[in-house]
């Protein structure tokens, strides 16, 4: 009898994924109001959001390793910490409590986001995993939309506590749904890997094999799930030794395809973060108001949610992952160039919405490749992808921030960054074809 996919686990994960982004961006649209209410500067309010990417870069790998060894407890810890962070912000009418809550939630974020491939691998049939990853990733962007909508509704100093209460209730409910799903449904599937002994780096395989004691406790056994059988020499087997911290990281980073995807992730992430951060300031000299710019950014994320939930599913079915990445990067570059030469309200709506629609789906496509490739090391590999993306976001945002008074140059820099990644996306065609061939029964 064929075991069915457990979609309730994906629903719980999607809610928690949205919760992490909601807490992160709660104050993005009410920076000035928040600064006035709590008696701090606008730059101080900015740190309520900036702690998230900064801590992500530091914690991405440790959290990925934790997920690879103790998947369910680590993911539940991320959900609970997110809810706790949202609740801590309600303790007192003081900026210190806001910052403490944000730090707690920022620690939780890599535990949640790194798990998107792991939860699909454990609770969905292989044929459903691209859809599960697309839904999980789209929910993350949906959390951004909710944050923008709440900041558009609760715009006054007096209404900020209400916004924080609604956020806390959502986060607590999301954590409860996910925890219930994970501990009432045992993992039904084993994360698979297409990496064979011939594809894995020989040095890494031999090192891991010699490091594994015969009495090693399987990672999934610690989480209460059944332990699948893995062929000797596979990447999944490499992640199984008694020292999973070394095994999972070596299996993930030792894979040339994972390293390529990490480098590639820097560029689209970087352009998206820089555009989201500075679009309002860059379009203001062209007569675009702050309210209009906020609407443009909201539509960008809405388009990204729609694109992430639909485009990757179609692309995987048509085996056009590399083509989609190339097309999205080239159209992003063209859109940025259009904003450089003809900035304005219409071009802003057109270009930035198209960027969201085509660029954001690159993330679930990359993560789906990671899930197929890495098996038991998928948490660490996903952590590497997210870490690279956040690092790219920080670097590109810094460069564009230095050019914020020169919109023409700033938009052209973002166009150039997107174009730089095109050869790397095209070069993925052969590795993806080989990966697909290895995964065929």
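Size descriptors for segment 7-189, from the alpha-carbon set: Rg then Dmax equal 16.3, 53 Å. As a proxy for reagent exposure, 319, 436 were ordered by neighbouring Cβ count within 10 angstrom, fewest first; the result is 319, 436. Going from the residue with the fewest nearby Cβ atoms within 10 Å to the one with the most, 276, 294, 14, 159 rank 159, 294, 276, 14. FRET efficiency for residue 155 and residue 54, Cβ-Cβ distance as r, R0 = 35 Å, nearest 0.05? FRET efficiency, residue 155 to residue 54: 0.80.
For the pair segment 384-419 / segment 294-321, the C-alpha centres are spaced 21 Å from each other.
Tell me, what is the percent relative contact order of segment 7-189, built from C-alpha pairs under 8 Å that lie six or more residues apart? 41 percent. Extending 7 Å from the Cα toward the beta-carbon at both residue 426 and residue 289 defines two label points whose distance is 4.5 nm.
Kindly state, to the nearest 0.05, the FRET efficiency for residue 408 paired with residue 314, given R0 = 45 Å and r defined as their beta-carbon distance. So, using R0 = 45 Å, E works out to roughly 0.80. On full extension, the segment bounded by residue 416 and residue 173 gains 83.2 nm, given 0.36 nm per residue less the C-alpha separation. Using only alpha carbon pairs under 8 Å that are at least six residues apart, calculate the relative contact order of segment 236-441 and give it in whole percent. Relative contact order of segment 236-441: 38 percent.
A simple spin-label model places pseudo-atoms 7 Å from Cα toward Cβ; at residue 399 and residue 184 they are separated by 4.9 nm. With the convex hull of the Cα atoms taken as the outline of segment 236-441, the averaged projected area works out to 11.5 nm².
For residue 433 and residue 7, the FRET efficiency from 1/(1 + (r/R0)^6), where r spans their Cβ atoms and R0 equals 30 Å, is about 0.50.
The ranking of 386, 70 from fewest to most other beta carbons within 10 Å of each one's beta carbon is 70, 386.
Coordinate-derived values only; no laboratory data. Note that the coordinates shown come from a computational prediction; the quantities given were computed from them, not determined experimentally. Using ideal geometry, Cβ is built from the backbone for each residue, glycine included, and neighbour counts are taken over all protein chains shown.
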